[in-house]
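Visitor: Please read through the structure below; I'll follow up with questions.
The values are calculated or read from the model by the stated rules, or taken from the named source; none is laboratory data. Since the model is a prediction, treat every value here as computed from it, not as a measurement. For neighbour counting, all protein chains shown are included, and Cβ atoms are generated from backbone atoms with ideal geometry for every residue, glycine included. The area values use the complete protein model at the heavy-atom level, side chains included, leaving out ligands, DNA and RNA. Shrake-Rupley method; radii C 1.70, N 1.55, O 1.52, S 1.80 Å.
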Amino acid sequence: MITIISLFYGILGLIIGSFLNVVIYRVPRGESIVSPGSHCLVCGHALSFWELIPVLSFIIQKGSCRKCGTSISCRYPAVEILTGGLFFYTVWLNQGVQDARVFWYLVFVAILIALAFIDLDTMTLPDGLVYPLLIIGLLGSFVLPGTPGWLESVLAAAAAGGAFWLITLVYPQGMGFGDVKFVAALGAFLGFPHIILAVFSASLAGSIIGLSMLLLHRRKIKQPIPFGPFLSFGALAVLFWGDQIIQFYCSRVFC
Ligand SMILES: [Zn+2]
């Protein structure tokens, strides 16, 4: 059943998504995420309150700046809708779960969205987001009941980061050190065996998309694709459905 509280968080997610658009653009450029306020990137026109309303402002302005007419990428409302949808789903899925843990999940979701799009744009995963993700993951598992627990969290972070670090030593062109730190943070949030499932899901999704792009001639064979968006996808899939997937797998394979 759709609850008022999940709808409320869905709307909050739209607003957070609007803020994530700012984060995605400014963090890789080393700019402040608070000042100056949101403005048109071409003419500098400062956005008024109603021009900041997620999705609706894009529709009302027909996807262009009110002052100079430059068209605005439809990725902006897409990120807002994605964040709103994932916030709604996270709260809806976790009814009855302690508020602090749901809030911890929402922070996780928001940072994953930002990192996925930054990696897509710049092929980097900025420390300014990856380190806070790792720290929030470890702290949450330390204090929140129902999470992996601090020991499992530390071990999963170290094991996942260590495994990826070894891969970068053997195959340095395959992935960067940003991925090593990112997967450690995911390990801290997800614990065992969920982190393994997340990496597996990410690799599977990456292979399918990578091959499809080759077949459709959208990519050259040596052209690298960022792994961050796939890791974010794998981590979210496991956050939402990890227990069910593991239960299903165990019931089929081991019993
Ligand atoms: Zn403008």
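Visitor: Go ahead and estimate [θ] at 222 nm for the chain from helices alone: -39,500 (n - 2.57) per DSSP H run with n ≥ 4, summed, over the residue count, rounded to 500.
Guide: Details: 9 runs with 171 residues, N = 255.
The helix-only estimate for the chain comes to -23000 deg cm²/dmol at 222 nm.
Visitor: To the nearest 20 debye, what is the magnitude of the charge dipole of the chain about its Cα centre, counting +1 on the Cβ of each Lys and Arg and -1 on the Cβ of each Asp and Glu?
Guide: So the dipole magnitude of the chain works out to roughly 700 debye.
Visitor: I'd like the orientation of helix 4-26 relative to the chain: the angle between its Cα long axis and the longest Cα principal axis, in ° from 0 to 90, rounded to 10.
Guide: Roughly 80 degrees, rounded to the nearest 10.
Visitor: In terms of the Cα gyration tensor, with a ≥ b ≥ c the square roots of its eigenvalues, is segment 122-182 rounded because a/c is under 1.5, prolate because a/b exceeds b/c, or oblate? Walk me through the numbers on the way to the answer.
Guide: Details: a/c = 4.17, a/b = 1.72, b/c = 2.43.
Note, shape of segment 122-182 comes out oblate.
Visitor: Heavy atoms only, probe 1.4 Å: what % of the accessible area of segment 1-96 goes to carbon and sulfur, would you let me know? Present the calculation step by step, with values, prior to reporting the outcome.
Guide: Working: 4020 of 5700 Å².
With neighbouring chains kept in place, the figure for segment 1-96 is 70 percent.
Visitor: May I ask you to list the lysines whose Cα is less than 29 Å away from that of K181, ignoring any residue fewer than eight positions away on the same chain?
Guide: Qualifying lysines at Cα under 29 Å: K220, K222.
Visitor: Across every pair of different alpha-carbon atoms, what Kirkwood hydrodynamic radius in Å does the chain reach? Walk me through the numbers before you get to the answer.
Guide: On the way: mean 1/r = 0.0511 Å⁻¹.
Evaluated over the chain, this radius sits at 19.6 Å.
Visitor: Ignoring ligands, DNA and RNA, please state the percent of accessible area on segment 99-255 from carbon and sulfur, probe 1.4 Å.
Guide: Values: 6110 of 8390 Å².
Heavy-atom surface of segment 99-255 belonging to carbon and sulfur, 1.4 Å probe: 73 percent.
Visitor: I've got another one for you. From a point 7 Å beyond the Cα of A205 in the direction of its Cβ, which residues of segment 68-91 have a backbone N at a distance under 20 Å?
Guide: The answer is 75-91.
Visitor: Now for a separate question. What's the angle, to the nearest 10 degrees (0 to 90), between helix 177-190's Cα axis and the longest principal axis of the chain?
Guide: Roughly 70 degrees, rounded to the nearest 10.
Visitor: Taking the 0 to 90 degree range and rounding to the nearest ten, how far is the long axis of helix 127-143 tilted relative to the main principal axis of the chain, both from C-alpha atoms?
Guide: Roughly 50 degrees between the two axes.
Visitor: Could you pull out every one of the aspartates and glutamates with an alpha carbon less than 12 Å from that of K67, ignoring same-chain neighbours closer than 8 positions?
Guide: Those aspartates and glutamates meeting the cut-off are E51.
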